[in-house]
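Right, one structure below, let's go through it.
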Amino acid sequence: MFNIVLVHPQIPQNTGAIGRLCVNTDSKLHIVKPTCFEINDKNVKRAGLDYWDLLDVTVWESLDAFLEANEKNIDRFFFATTKTNKPYFEHTFKTGDYLFFGGESTGLPMELMQKKWENAITIPMGENGRSLNQAMAVGIVLYDAIRQNFSDFKQK
């Protein structure tokens, strides 16, 4: 339904939880290396439970490799970041969109987001908030995108 793109993820448990979320939402997961863990890491699979074998996942060796294969879709790239004031819920998402999330301590590279800066989105937080858990952030944005396209969502 949607494409979740994790650029340089650092915490295997988050990636596992996001993989589980992707299976449950019929979304494709893209993992862009380098990562701080092996994709077969037991923590990834533990967080993803028995869903990992059902996951539609592509592991990219680099951001350049991902962009080379997918840049034709750049108009539908959305970048989750704390560096903008435009909330995710002010965007209109379409089935097949690419929702990007950066590494837990690094965020997304600015040069990536500048390719389509008008599609930079943020999750509003209170004055004491700096960031959210990566898996939580993916869930927030992904389920709003599903809400906007609910008629396309296949439920059991």
> Highest mean first, what order results for 60-68, 7-15 on Cβ atoms within 10 Å?
Replying inline: 7-15, 60-68
>> Net charge around LEU55, counting only other residues with Cβ within less than 9 Å of its Cβ (Lys, Arg = +1; Asp, Glu = -1)?
In response: 0
> What is the distance, in nm, between label points placed 7 Å from the Cα along the Cα-to-Cβ direction at ILE39 and at ASN85?
Replying inline: 4.0
> Tell me, what is the Rg over Rh of region 3-152, with Rh the Kirkwood radius over Cα pairs?
Replying inline: 0.93
>> When a/c reaches 1.5 or more, the comparison of a/b and b/c decides; with that in mind, is region 65-156 rounded, prolate or oblate per its Cα gyration tensor?
In response: oblate
> About the Cα centre of the chain, what is the dipole size in debye to 20, counting +1 per Lys and Arg Cβ and -1 per Asp and Glu Cβ, all else neutral?
Replying inline: 300
> If the chain between ASN73 and TYR143 were fully stretched, how many nm would it gain, using 0.36 nm times the residue separation less the Cα-Cα distance?
Replying inline: 23.1 nm
>> For Cα pairs less than 8 Å apart in space and 6+ apart in sequence, what is the mean separation divided by the residue count of the chain, i.e. the relative contact order in percent?
In response: 28
>> Which GluC sites (Glu not before Pro) in region 109-156 sit in a loop by DSSP (not H, G, I, E or B) and have at most 11 other Cβ atoms within 10 Å of their own Cβ?
In response: GLU127
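Read the figures in this text as sums done on the coordinates, not as results from a lab. A quick note: this is a predicted structure, and the numbers were derived from the prediction, not measured. Cβ atoms come from the backbone with ideal geometry, glycine included; neighbour counts cover every protein chain shown.
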